[in-house]
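Read the structure below first, then the notes.
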Amino acid sequence: MIELPDLVAGGLAAGTLSALALGGGLLRLRRRQTRQLAEIAALHTQLEGTSRAFTTEVEHLATRRVPAAARQVAHPHLDVPGPLQPLTFGTPLGIALENVLLAVQSEVADQRTRVDAAAQAGMRGATREIQAALYRLQDALRGLQQRYDDPELTQTLFQLDHENEQSLRRAQVAAVVCGAWVGLAREESHLVDAVTGGQARLAGYHRVKVHNHLEPGTALVSHAVEPVAIIVAELLDNALRHSAPDTDVVVSLEHVHHGVCVTIDDAGLGMTQDERDRAQRLVAGNAPILLTELGDPPRMGLAAIGRLTRQFDLGVDVSSASPYGGVRAVLRVDSHLLSHLDPADRPPAPSAPRTTRGAVPPAPAASHAYGTEAPAPDAPRQHAPRDADGLPQRRRRTRAAAAPEQPAPRPPARRPEDAAAALGALQSGTAAARSAAGAAPGGPATAAHDTDHTDHEGGAAR
């Protein structure tokens, strides 16, 4: 039989062991809790740091990256800053931020295009009204020129008509840049008349020297006459503006394999490579044209050339340097835009430069066959006119060829009437480029002066 003291001692021992075990468990729990609290505090600190970093990144996105991305739409050469934390590249957060920038740029580009389209539509309407008023003024001035014969009054009216022509050119260029039709329907015209017609629209037309090396009768189809005149006028305007006022601008008209080239050389300062590349992009007409990209005030000449080259299948190159130190501009007119006019039935305008071709007949080729001799210069040729019996008619030899050359007499002093006649000849060249002998089937030339101009957006298809 177990004694009571032994039971008490065993119970105390068991209680002590239980207390020790319970204390050890409580100690382990407390240590675990302390460790967990430390981890929670570390996670809380990390979360606060992440939150601050995210907030800073979003603020950087809103204040720096989004404005830069919006500016890059209009100025592609600008750089967009990257994120503050380079480690975000490729992460879901970095991808989300890049998508925000792309969405902003896309929306800015769409809004910019819509706003620019609305501005162009408004400018088309305004230029249409301006053109109609200038055409009416042009008709009134020409009516006065035909009514009065006074030389001084004729010269004054010519100067007013020329100023009006320059204003009309600027309004026409603005309309073309905004997507309007060229505004006039022409019939087939000599190409040299289109070139001199574009020259006559400029203030410094007297500095332009045209060398015509085309075959007689080389002409343009009706729908290409006015675009060629506009392009030549704008290329000449650039050449005159960027060269010294005491220098000439040389224009050459040449046949090439696929058509005709109009080459314009100036003696200006030229262009840098960046300016040359930008000008070539504009005249190529491949990229859409926005008014906001043309400067303030807008410089619309090259942009108008780009519109016309794309619409009428013409080619313009301004990437070469002129042999005179300036810029060489080349307008290429392909064969499908060329036609032929009989110079006897429809000669070029009196003010147009005469062609260098066909002026002197080619010399007969020398025969090298045995026993043959070249005919004497005065011998009658086989294709000479024949009489009723079929025999060749003998022509009387003249003594003009043998007469010694006399010095040319000095021309008399120029009278006011002669000056008025010269101005009238230049004006006739301008008129020949506009509407030489009526209008094409698209409508009479006088209808272009009417107030109700229809805005044909497409023009001729490229």
Seminar exercise, completed: When the charge dipole of the stretch 48-93 is computed with +1 on Lys and Arg Cβ and -1 on Asp and Glu Cβ about the Cα centre, the Cα farthest towards its positive end, among A62, P92, V73, belongs to V73
Exercise. At a probe size of 1.4 Å, how large is the accessible area of I289, to the nearest 10 Å²?
Worked result: 20 Å²
For this session: Pairs of Cα atoms under 8 Å, at least six residues apart: use those to get the relative contact order of the stretch 32-150, whole percent.
Result: 19 percent
For this session: Would you mind calculating the relative contact order of the stretch 139-233 from Cα pairs under 8 angstrom and at least 6 residues apart, reporting the percent as a whole number?
Result: 32 percent
Exercise. How big is the charge dipole of the stretch 166-287 about its Cα centre, in debye rounded to the nearest 20, if each Lys and Arg gets +1 on its Cβ and each Asp and Glu gets -1 on its Cβ?
Worked result: 360 debye
For this session: Find the accessible area per residue for the stretch 97-219; the probe is 1.4 Å, ligands and nucleic acids are left out, and the unit is Å².
Result: 43 Å²
For this session: Arrange the residues S189, S222, S335 by how much accessible surface each exposes, largest first, with a 1.4 angstrom probe.
Result: S335, S222, S189
Exercise. Could you give the dipole magnitude of the stretch 42-82 about its Cα centre, charging the beta-carbon of Lys and Arg +1 and that of Asp and Glu -1, in debye to the nearest 20?
Worked result: 120 debye
Exercise. Going by accessible area, probe 1.4 Å, with all protein chains left in place, what is the ranking of Y324, Y135, largest first?
Worked result: Y324, Y135
Exercise. What does the charge dipole of the stretch 242-288 about its Cα centre add up to, to the nearest 20 debye, if the Cβ of each Lys and Arg holds +1 and the Cβ of each Asp and Glu holds -1?
Worked result: 280 debye
Problem set entry | Surface accessible to a 1.4 Å probe, per residue, for the residues of the stretch 1-88, Å² | 79 Å²
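The values are calculated or read from the model by the stated rules, or taken from the named source; none is laboratory data. Small disclaimer: the values here were computed from a predicted structure and weren't measured. Don't worry about glycine lacking a Cβ; one is built from the backbone with ideal geometry, like all the others, and counts go over all protein chains shown. The area values use the complete protein model at the heavy-atom level, side chains included, leaving out ligands, DNA and RNA. Shrake-Rupley method; radii C 1.70, N 1.55, O 1.52, S 1.80 Å.
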